[in-house]
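Taken together, the values in this text are just the output of simple stated rules run on the coordinates, not laboratory data. For clarity, every value in this text was computed on a predicted model and none was experimentally measured. Because the Cβ atoms are built from the backbone with ideal geometry, glycine has one as well, and the counts that use them run over all protein chains shown.
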């Protein structure tokens, strides 16, 4: 649970710093800086570990990690552009609430993860919230 809370705090900080940066610099430049730093820091941690583990056993995982890295780069560019033209209070709930909703549904389909009653209820409320926020954004002039 500690890492979940840390991830929440770090991601919230990244949202706020990224939104501020996107409003004060070119959003593609901001995306590049964010992605470079988010790649360099884990590499500095992983390189000492690589000498102790076999990469050959992880080829499929490395392939999917590369695909995920491309998705993150594209996500960061779209997110920072969104922050430069929209309010954080609109962008963050749609992007991150939508990601939670979609990834939970997709994990059920592809990974056969079970969605319990309370989780399903929470996802239902999240879906309703997303509809309301998207509607609010669509009707603002």
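Using the basic label-point model (7 angstrom from Cα toward the beta carbon), what is the residue 3 to residue 64 distance in nanometres?
1.6
List the relative contact order of the chain as a percent without decimals, with contacts defined as Cα pairs under 8 Å and 6+ residues apart.
28
Which FRET efficiency, nearest 0.05, do residue 105 and residue 28 yield, Cβ-Cβ r, R0 25 Å? Can you show the working numbers first?
Details: r = 31 Å, r/R0 = 1.23.
For residue 105 and residue 28, the calculated efficiency is 0.20.
Treating each Cα of segment 87-141 as an identical point scatterer and ignoring solvent, apply the Debye formula and state log10 I(q)/I(0) at q = 0.13, 0.25, 0.28 Å⁻¹.
Log10 of I(q)/I(0), two decimals: -0.36, -0.95, -1.08.
Can you compute log10 of I(q)/I(0) for segment 1-86 with the Debye formula, treating each Cα as one identical point scatterer, at q = 0.15, 0.23 Å⁻¹?
-0.70, -1.16
Given the DSSP H assignment, sum -39500 (n - 2.57) over each helix run of at least 4 residues in the chain and divide by its residue total; what's the result at 222 nm in deg cm²/dmol, nearest 500? The partial results should precede the final answer.
Values: 6 runs with 115 residues, N = 141.
So the helix-based figure for the chain works out to -28000 deg cm²/dmol.
Separation between the residue 90 and residue 135 pseudo-spin-labels, each 7 Å from Cα along Cα→Cβ, expressed in nm?
1.7
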